[in-house]
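Below you'll find the structure, written out as structure tokens, and then a few comments.
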Amino acid sequence: MGTSSELQAVVMAAGKGSRFTELTARRPKCLLPIGNLPMIFYPLQLLERSGFQDVIIVVLESNKTEILSALDKCSLKIKYDLVGIATGDDWGTADSFRYLEETNRIKTDVLVVSCDLVTDINISPLLELYRKHDATLTAMFVHSGCSQSALPTPGPKSKHKSERDFVGVDPKTSRLVLLASASDYEEELPLKCSLARKYGRICLNSKLLDAHLYIIKRTLCHYLAYNKTLSTLKGEVLPFVVKKHIEKSCKIEPPKVEDKASIVGEDLKTELKHFTQEKELVQKVRNMSAYTDNRFQVCYQRDSLRCYAQIYNKSAYAVRANTLQQYCLANREVVERWNSLINDRELMTVSPLATIKSTQLDSRTCIVAERSQIAERTSVRNSIIGPGVEVNFKTIIKDSVIMFGVKIGQGCNLQNCVVCEESVIEDNCELKDCLVSSHHTVSAGSKRTSEVLTDVDRLMEI
């Protein structure tokens, strides 16, 4: 594909997982297991099969050694450079991206992806859309109904409110003309008449998943280094750029080189267009071209700032494991979808280094990692068993994720649970729809339903 020389790949993996702190209390979010691999493996594998040969991974400095050690065990072909940011800095994704620009790590246009994306999508159509229009910003969207589960999310019962965006797209040209969070509006979504005048027809979507995979032009990287008020890519940069790119086109005089202070201090309505203004020769070539993606005027109506959306059909699979619900969903589906997610690596559902004495383990729906011990007369179905887990006899485990080092006593029954690392579940416990935090001990004979089991003094700050 020629992507290595054309685009730099960046994976954002410095998030603290504040939406499910019970899982991230003792390990980085990007290393939470999905199947038998860390979460960050999946976007890296996506980049690898898309033709990228190297990638920059943004992590917290304090997690750098642990993440590097985990990646070295994944046998990836893609070369990775971990860039650490200070643990105490409360940076958003745009702040991290700005840091890469300011430290001269960004050399070309950039493909940036979140560490929590699990998808089997071929990104070639996205790349082609970016190339075709020389787009300033190209975003990937997937129909959110592509994955669903009848099982409830472990923990207290509550109505899950998924994040929804209003995504407006010109159906003829794939121009991204509107992007807004549904939470910002109560009953009405105001639309400008200028949108209808300029594009004629707009397809408004409210059930698309923003995959957090974007192609960002180099000039926009320059702009982010100047405008330090934008902190997050999804929440601030994207809506801002989309809003600016649909404003009425006008000829803009390029700023004087010697007067850089005036660029920073001027009205943001023109500042971004100064950075994205094309060279005079490029403008002439475009004006002479017969190609246009506009209805009335040739050559983009002099739009030097152009945003596009690649919307994948309902057959495409994508999950963003950024909430407990989506994290559980990814683990429930990983075995079934393994061949499409990881098409060059056979899934070894049961490690040869595990000790399996039970005859009631369904190897078609389960993953059992190395050094785990499953005793006789134990039933395990539709579950992920991490490294070093000990399960004693007469125990039932179904639809659950058991992380490394967990000890489960005899006569237990676990249904739809997430049990974090090095927890202890003593004999004859019955847990249904529960989340057990790391290093927690569930006392013998406990019967719990739809609870988060944790020690108060071990709760992490959000």
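For the range 385-400, a residue qualifies if it is in a strand (DSSP E or B) and either open to solvent by 10 Å² or more (accessible area, probe 1.4 Å) or among the basic types (Lys, Arg) (or both), and the qualifying residues are Glu390, Ile396, Lys398.
Only one of these is on the phi > 0 side of the Ramachandran plot and either of a type in the set (Phe, Trp, Tyr) or in contact (Cβ under 8 Å) with a residue 40 or more places away in the chain (or both): His143, His133, His212. Name it. Walk me through it before giving the result.
Working: His143 fails: on the phi > 0 side of the Ramachandran plot; His133 fails: on the phi > 0 side of the Ramachandran plot.
The conditions single out His212.
Filtered by the rule that a residue be open to solvent by less than 10 Å² (accessible area, probe 1.4 Å), assigned to a helix (DSSP H, G or I) and under 24 Å from Leu127 (Cβ atoms), the range 43-97 gives Pro43, Leu44, Gln45, Leu46, Leu47, Ala94, Ser96, Phe97. For residues that are under 30 Å from Arg175 (Cα atoms) and either at pLDDT 75 or above or touching a Lys or Arg at 6+ places or on another chain (Cβ under 8 Å) (or both), tally how many sit in the range 139-160. Matching residues across the range 139-160 total 8.
Of the numbered criteria (1) at pLDDT 80 or above; (2) surrounded by 14 or more Cβ atoms within 10 Å (Cβ to Cβ), the one Glu247 fails is (1). Scan the range 442-453 residue by residue and report those that are free of Cβ contacts under 8 Å to residues at least 60 places away in the same chain and under 19 Å from Pro156 (Cα atoms). Matches in the range 442-453: Val442, Ser446, Lys447, Arg448, Thr449, Leu453. Checked against (1) closer than 23 Å to Ile121 by Cβ; (2) out of contact with any Lys or Arg (no Cβ under 8 Å at 6 or more places or on another chain), Ala180 passes all but condition (1).
Glu22 - would you say it is out of contact with any strand residue (DSSP E or B) (no Cβ under 8 Å at 6 or more places or on another chain) and assigned to a helix (DSSP H, G or I)? Give the steps one after another, and end with the answer.
Values: out of contact with any strand residue (DSSP E or B) (no Cβ under 8 Å at 6 or more places or on another chain): no; assigned to a helix (DSSP H, G or I): yes.
No: the conditions fail for Glu22.
Within the range 406-436, restricting attention to residues that are in contact with a Gly (Cβ under 6 Å, 6 or more places away or on another chain) and open to solvent by 20 Å² or more (accessible area, probe 1.4 Å), the residue that is nearest to Gly35 (Cα to Cα) is Glu422.
All conditions but one from (1) within 25 Å of Val350 (Cα to Cα); (2) at pLDDT below 95; (3) touching a strand residue (DSSP E or B) at 6+ places or on another chain (Cβ under 8 Å) apply to Arg27; the one that does not is (3).
One residue stands out in the range 330-356 among those that are within 17 Å of Gln45 (Cα to Cα) and among the acidic types (Asp, Glu): the one that is most open to solvent (accessible area, probe 1.4 Å), namely Glu346.
Look at Ile34 and say whether it is surrounded by 21 or more Cβ atoms within 10 Å (Cβ to Cβ), under 30 Å from Phe240 (Cα atoms) and assigned by the TED database to the domain that holds Leu238. Considered against the rule, which asks whether it is surrounded by 21 or more Cβ atoms within 10 Å (Cβ to Cβ), under 30 Å from Phe240 (Cα atoms) and assigned by the TED database to the domain that holds Leu238, Ile34 comes out as no.
Once the range 197-210 is narrowed to residues that are surrounded by 12 or more Cβ atoms within 10 Å (Cβ to Cβ) and at pLDDT below 85, the residue that is farthest from His143 (Cα to Cα) is Lys198.
The values are calculated or read from the model by the stated rules, or taken from the named source; none is laboratory data. Note that the structure is predicted; figures quoted are calculated from it, not measured. Neighbour counts are summed over all protein chains in view; Cβ atoms, including those assigned to glycine, are modelled from backbone coordinates with ideal geometry. Heads up: the accessible areas ignore ligands, DNA and RNA and are worked out on the full protein's heavy atoms, side chains in. Shrake-Rupley method; radii C 1.70, N 1.55, O 1.52, S 1.80 Å.
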